[in-house]
Amino acid sequence: MTAFQRRIPEEEDLKGMLARAGMVLSPEDLEIMETAFPAVRAQLERLYSYEFEGEVYPFRNIFPKNG
Amino acid sequence: MSTDALCYLNISEAAALIRDRKLSPVELTKAHIERIDRLNPEIKAYVTRTDEQALADARVAESDINAGHYRGALHGIPVSFKDLYDTAGTRTTGQSKVFADRVPAEDSASVASIRKAGAVTLGKVALAEFGLGGSPTSLFETPSNPWNLDYSPGGSSSGSGAALAAGLCMGSFGTDTGGSLRNPGHCSGIVGLKPTLGRVSRFGVIPCSWSLDTVGPMARTVGDVALLLQAVAGHDPRDPSSADRPVPDYPAALGGSIEGLRVGVARDYFFRTDLGADPEVVQCAEEAIAVLRELGASIEEVSVPSVADARSAQMVIMHAEAFAYHRQFLRDRPGDYGPVRFRFWLGALYTAEDYLQANLFRRQIVSEVDDVLKKVDLIVTPTMPRPAPPGGDSSPFGTLTGLNFLAPFNLTGTPAVSVPCGFTSGGLPVGLQIAGRWFDEATVLRAANAYEEAAPWSEMHPDL
């Protein structure tokens with residue numbers, strides 16, 4: 001199992017994920033949200049195609065004073 | 001001078017006249033108010049007008065100048081602010097019903113700096129809801145593109161772009177989380193500068209994404225953007241991202257030659273018509289690069305290997321952070337949001353791991369761009385792959401996939417400007433994006449200014 005397969009949510013999780021975040025959507029809004037799922041999956045698959053090695057602190061160099 | 005001519009003066013031109021007492025700030029402000037009266041019903045750039053305060057401020061400016069207390073190039077100059085910037089005593093809504101009645105007690109840092117410089121605030125201008133949504137919004141109308149009213153002026157700083165192109169202010173301030181200063185620069189044919197993250201204080205600006213939000217100036221010329229940047233750049237301990245770095249003299253940096261400047265062009269991504277970039281947009285950018293070469297710049301091929309995935313990382317970070325800010329409002333008052341709520345809800349779908357993975361990617365692209373900027377001084381691209389989109393209701397999620405030329409420089413935090421570089425055959429403006437090293441806005445602006453002087457697209461105005 002690749003990293004992204006393990007981590008990327010399935011479409012059927014959508015309602016539960018939103019509910020766990022405290023969001024209650026109408027059936028119509030939920031239907032619209034479902035249309036974004038393929039693009040969200042694709043984005044995450046691209047991001048998890050990268051294997052980052054070495055130092056793993058992710059925020060270095062983001063704000064100049066942290067650089 | 002006619003009202004139209006007054007309203008299309010550059011800041012530097014108007015400033016010289018005001019300084020020499022050949023132009024009254026009151027006359028200049030009245031000219032803008034009259035023009036806003038006439039054109040705003042169609043352009044819809046202003047969402048809150050402060051005519052009385054503007055005239056009062058203009059009278060004070062005139063009185064001060066007549067008394068010999070001229071403050072500098074922005075004294076008496078009419079400007080506007082995106083309706084994310086807190087303005088003491090004047091509502092700041094984010095163009096959302098959620099904040100419809102929100103009246104800040106204190107000015108944001110940029111508003112305070114601009115007031116201190118003596119500029120006259122004409123009002124608050126439109127935006128995509130909370131700087132993230134498309135069209136429609138839950139409060140106020142969506143602006144039209146002055147070059148063609150059927151098209152969008154770009155966003156999310158849409159009102160700033162539309163107001164400048166229509167001659168409804170001389171300078172404006174917007175924000176850029178995923179391209180929102182440069183996108184309207186491209187779509188509306190004006191100049192939009194995203195400064196280095198940390199260069200300009202974000203204090204008092206409603207956030208969209210804490211680690212990506214950047215505030216900055218927009219105007220019709222590069223020189224005017226330099227004047228506006230000068231007034232707001234600098235350290236502010238009230239903003240944790242603010243950098244304590246010296247601020248150079250930006251207007252003074254514009255005059256130099258670009259002979260020998262090394263300009264990087266990444267044709268393996270930013271010029272790919274086979275991936276969906278519009279051939280006319282690419283052609284305009286190629287012609288602009290030829291002008292830079294004629295001006296003495298050295299054009300070099302470069303590559304940012306992971307650039308194609310920058311938008312994915314930027315969206316994960318932006319949506320996750322935006323959701324965190326809006327979570328309580330979304331839970332309690334979802335009906336007060338327009339379609340932007342769908343974009344915020346995307347942030348609930350990401351895990352902590354996703355957010356960290358996106359930030360690890362961010363570190364990687366920071367490193368890649370740093371490597372490129374050790375070999376060249378600047379990276380030049382078309383600002384966007386395509387010209388302004390048609391107006392009207394947009395997709396609830398915007399563009400989640402496809403080419404994106406703006407997001408890479410949000411992730412890196414490096415400065416980037418959009419300067420007009422031509423028009424499509426359909427009459428829509430096209431922008432050239434010039435990105436540079438951290439805190440080197442001076443070189444970015446110098447190159448943009450040299451190009452603008454050689455190819456004065458900024459002298460063209462829409463027929464309104």
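The values are calculated or read from the model by the stated rules, or taken from the named source; none is laboratory data. Since the structure is predicted, the reported quantities are computational estimates derived from the model, not experimental observations. Methodologically, a virtual Cβ is constructed for each residue, glycine included, from the backbone with ideal geometry; neighbour enumeration extends over all protein chains shown. What goes into the accessible areas is simple: the full protein's heavy atoms, side chains included, and nothing from ligands, DNA or RNA. Shrake-Rupley method; radii C 1.70, N 1.55, O 1.52, S 1.80 Å.
Out of all the residues in region B:193-204, is one or more away from every other protein chain (no Cβ under 14 Å), in contact (Cβ under 8 Å) with a residue 40 or more places away in the chain and open to solvent by 10 Å² or more (accessible area, probe 1.4 Å)?
There is at least one residue in region B:193-204 that is away from every other protein chain (no Cβ under 14 Å), in contact (Cβ under 8 Å) with a residue 40 or more places away in the chain and open to solvent by 10 Å² or more (accessible area, probe 1.4 Å).
Mind checking which residues of region B:351-365 are more than 8 Å from every other protein chain (Cβ to nearest Cβ) and crowded, with 22+ Cβ neighbours inside 10 Å? Spell out the reasoning first.
Looking only at region B:351-365, we keep the residues that are more than 8 Å from every other protein chain (Cβ to nearest Cβ), and these are B:352, B:355, B:365.
Answer for region B:351-365, where residues must be more than 8 Å from every other protein chain (Cβ to nearest Cβ) and crowded, with 22+ Cβ neighbours inside 10 Å: just B:Ile365.
Filter region B:77-99 down to residues that are touching a residue at least 60 places away in the same chain (Cβ under 8 Å) and assigned to a loop (DSSP other than H, G, I, E, B) and give me whichever is farthest from B:Ala226 (Cα to Cα).
Within region B:77-99, the first condition is being touching a residue at least 60 places away in the same chain (Cβ under 8 Å), and the residues that meet it are B:77-86, B:92, B:94, B:96-99.
Next cut, assigned to a loop (DSSP other than H, G, I, E, B) only: B:77, B:83-84, B:86, B:92, B:94, B:96.
Values: B:Ile77: 14, B:Asp83: 22, B:Leu84: 22, B:Asp86: 23, B:Thr92: 26, B:Gly94: 26, B:Ser96: 31 Å.
Here the answer is B:Ser96.
Sort out which residues of region B:20-63 are outside any helix (DSSP H, G or I) and not aliphatic (A, V, I, L, M), and write them in order of number. So that I can check it myself, show each step before the final result.
Residues of region B:20-63 that are outside any helix (DSSP H, G or I), as a first pass: B:20-24, B:44-50.
Residues satisfying the conditions are B:Asp20, B:Arg21, B:Lys22, B:Ser24, B:Lys44, B:Tyr46, B:Thr48, B:Arg49, B:Thr50.
This table checks each residue for (1) part of a strand (DSSP E or B); (2) touching a residue at least 12 places away in the same chain (Cβ under 8 Å); (3) not basic (Lys, Arg).
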site: B:Lys374; (1), (2), (3): no, no, no
site: B:Met384; (1), (2), (3): no, yes, yes
site: B:Asp393; (1), (2), (3): no, yes, yes
site: B:Phe397; (1), (2), (3): no, yes, yes
site: B:Ser418; (1), (2), (3): yes, yes, yes
site: B:Gly422; (1), (2), (3): yes, yes, yes
site: B:Ser425; (1), (2), (3): no, yes, yes
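Hey, does region B:214-234 have a residue that's farther than 30 Å from B:Pro78 by Cβ and open to solvent by 10 Å² or more (accessible area, probe 1.4 Å)?
Step one: of region B:214-234, the residues farther than 30 Å from B:Pro78 by Cβ are none.
No, because not a single residue in region B:214-234 is farther than 30 Å from B:Pro78 by Cβ and open to solvent by 10 Å² or more (accessible area, probe 1.4 Å).
Being part of a helix (DSSP H, G or I) and over 19 Å from B:Val263 (Cβ atoms) is the filter here, so list the residues in region B:402-416 that pass it. Explain how you work it out, then say what you get.
Quick first cut of region B:402-416, residues part of a helix (DSSP H, G or I) only: B:407-412.
Answer for region B:402-416, where residues must be part of a helix (DSSP H, G or I) and over 19 Å from B:Val263 (Cβ atoms): B:Ala407, B:Asn410, B:Leu411.
Yes/no matrix, rows are residues, columns are (1) under 21 Å from the mean Cα position of the chain (by Cα); (2) among the hydrophobic types (A, V, I, L, M, F, W, C); (3) on the phi < 0 side of the Ramachandran plot:
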| residue | (1), (2), (3) |
| --- | --- |
| B:Glu368 | no, no, yes |
| B:Phe409 | yes, yes, yes |
| B:Val417 | yes, yes, yes |
| B:Gly422 | yes, no, no |
| B:Ala435 | yes, yes, yes |
| B:Val444 | yes, yes, yes |
